[in-house]
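A short worksheet on the structure shown next.
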Amino acid sequence: MTTDMAYQIEPLIPALRRYGRALVRDRTAADDLVQDCLERAISRWHQRRSDGDTRSWIFAILHNLAMTRLSRTAKLPQHMTIETVDENLLGVAASQEDRLRYQELLSALAQLPDSERSVLLLVGVEDLSYAETAKVLDIPIGTVMSRLSRARARLYEATSGNAQQGAGARAQLRRVK
């Protein structure tokens, strides 16, 4: 690996791991995904645009690999024996309010459509600009902004309790005599 390549890729690894974990929701699978991403980036380093943004290019590789894996695994049935499941996942430790809010946020994030979750993670967590996010996902900037707006609104609704209150208010009927 050339020195220039190493200086550009190495600082991105923690962000790639974080984004990979958010996409595939499994630490080991995310590490494998990042490894494949880095392998692909290094082997195709000569194919990147010299005037392009390396960060966006590598995040695009990671995103495309993740979407390919997710679509493949979605077609396969999930089967696990109890012996293969980590014991820590079978029981839930007592938690404080912050931990509950964290879990609520993760749950709300997991319920977002993939397209909205990807935009939210790239802009909000990985601090990519709208233009960089559009390049990574290969969509127009306007689409990035609208998906981000919808994702933020859904996340706010899911975590603020408005979803439950709104559903309850609509379900109530008034009797008119």
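Each value in this text was obtained by applying a stated rule to the coordinates, not by laboratory testing. Since the model is a prediction, treat every value here as computed from it, not as a measurement. Here Cβ is always computed from backbone atoms with ideal geometry, including for glycine, and neighbour counts include all displayed protein chains.
Laid out as a table, the results:
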{"quantity": "Which numbered condition ASP32 fails, given (1) farther than 19 Å from ASP138 by Cβ; (2) buried (at least 17 other Cβ atoms within 10 Å of the Cβ)", "calculated": "(2)"}
{"quantity": "Residues of segment 134-150 satisfying the condition of being in contact (Cβ under 8 Å) with a residue 24 or more places away in the chain and part of a helix (DSSP H, G or I)", "calculated": "LYS135, VAL136, LEU137, VAL144, ARG147, LEU148, ARG150"}
{"quantity": "Selection count, segment 16-29, where residues are assigned to a helix (DSSP H, G or I), without any contact (Cβ under 8 Å) to a residue 60 or more places away in the chain and under 20 Å from PRO113 (Cβ atoms)", "calculated": "3"}
